[in-house]
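Asks: Can you keep this structure in mind? I'll have questions shortly.
The values are calculated or read from the model by the stated rules, or taken from the named source; none is laboratory data. Please read all numbers here as calculations on a predicted model, not as lab measurements. Because the Cβ atoms are built from the backbone with ideal geometry, glycine has one as well, and the counts that use them run over all protein chains shown.
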Amino acid sequence: MRLPVQVEPAGGVPPDVDYRWDADTDILSARVRFAGDLPAAIALAVAGPADLPVTDVPPTMSAEVPLSGAVELEGRDGSWIVLDVEAGHLAGIEVAVWPNVRTLTGLTPPADVEDARIRVAGRKRRGPRGWSATAHEVTTHLTAETDPSERTIHFRLGRPREFRSVRFGRDLLVDIDAQGDLAGLWLLNVPPVPKLT
């Protein structure tokens, strides 16, 4: 499994994170608040000019096309995590089907982190509005661990390996290995699961 990402300057304080639990399904969603407010120039790069012939490839998009959509991480045990990507940047995480979660008394988020924006590359597709990027699916080994309060959750992707942690939202971190691939996800200050009434 490989999911290359690029680290870009944060350009300010990491944005706040909105969490949402679906009490009926245990789906947990986390979304950074800058999503939807990206510069118009980036949004145009995603959609492409309306009058662009499908046979033309804009020079600025020939190497990489910003992705807007979903990157689906499928665990070999049937677990499922969806990365929400907007104009090429990681904008949220949805835990659709949980892997087995191990409780660790000493689980704490990394203290040495850098603030940044995370760019995720998509696959190029030519359509009626020009070139865009499509979502894709990655199959990997997914594991999850939490602290006893279930306020800190850490997902590991693939085999254990060394990584550095990067904060792209006030309560969201990613682990990136030495090859620049996504190695893990941290969800911090997760609200409790709402009780059904």
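Asks: Out of 148, 59, 109, 53, report the one residue that is at pLDDT 75 or above and surrounded by fewer than 16 Cβ atoms within 10 Å (Cβ to Cβ). Outline the logic, then answer.
Replies: Values: 59 fails: at pLDDT 75 or above; 109 fails: surrounded by fewer than 16 Cβ atoms within 10 Å (Cβ to Cβ); 53 fails: at pLDDT 75 or above.
Result: 148 is the single residue among 148, 59, 109, 53 that is at pLDDT 75 or above and surrounded by fewer than 16 Cβ atoms within 10 Å (Cβ to Cβ).
Asks: Test residue 46 against the criterion of being within 24 Å of residue 158 (Cβ to Cβ) and either modelled with pLDDT of 85 or more or surrounded by 13 or more Cβ atoms within 10 Å (Cβ to Cβ) (or both), and give yes or no.
Replies: Values: within 24 Å of residue 158 (Cβ to Cβ): no; either modelled with pLDDT of 85 or more or surrounded by 13 or more Cβ atoms within 10 Å (Cβ to Cβ) (or both): yes.
Answer is no for this residue.
Asks: Let me ask something else. Can you tell which of 123, 102 is closer than 30 Å to residue 11 by Cα and modelled with pLDDT of 55 or more?
Replies: Numbers: 102 fails: closer than 30 Å to residue 11 by Cα.
Going through 123, 102 in turn, the sole match is 123.
Asks: Given the options 92, 78, name the one that is within 30 Å of residue 147 (Cβ to Cβ), within 20 Å of the chain's Cα centre (by Cα), surrounded by fewer than 16 Cβ atoms within 10 Å (Cβ to Cβ) and at pLDDT 70 or above. Give the derivation first.
Replies: On the way: 92 fails: surrounded by fewer than 16 Cβ atoms within 10 Å (Cβ to Cβ).
None of the other options fit; the residue is 78.
Asks: Please pick out the residue among 24, 37 that is part of a loop (DSSP other than H, G, I, E, B), at pLDDT below 50 and of a type outside the set (Gly, Ala, Ser).
Replies: Every option except 37 fails the conditions.
Asks: Between a residue in the stretch 177-189 that is without any contact (Cβ under 8 Å) to a residue 40 or more places away in the chain and over 13 Å from residue 154 (Cβ atoms) and any residue that is among the small types (Gly, Ala, Ser) and in a strand (DSSP E or B), which pairs come within a Cβ distance under 8 Å, given they are 6 or more apart or on different chains?
Replies: The qualifying pairs are 177/183.
Asks: Among residues belonging to the stretch 95-104 that are touching a residue at least 40 places away in the same chain (Cβ under 8 Å), more than 13 Å from the chain's Cα centre (by Cα) and in a strand (DSSP E or B), point out the one that is surrounded by the most Cβ atoms within 10 Å (Cβ to Cβ). Reasoning before the result, please.
Replies: Step one: filter the stretch 95-104 for residues touching a residue at least 40 places away in the same chain (Cβ under 8 Å), giving 95-96, 98-104.
Retained after the next criterion (residues that are more than 13 Å from the chain's Cα centre (by Cα)): 96, 98-104.
Then keep just the ones that are in a strand (DSSP E or B); that gives 96, 101-103.
Details: 96: 17, 101: 15, 102: 11, 103: 11.
Out of the qualifying residues, it is 96.
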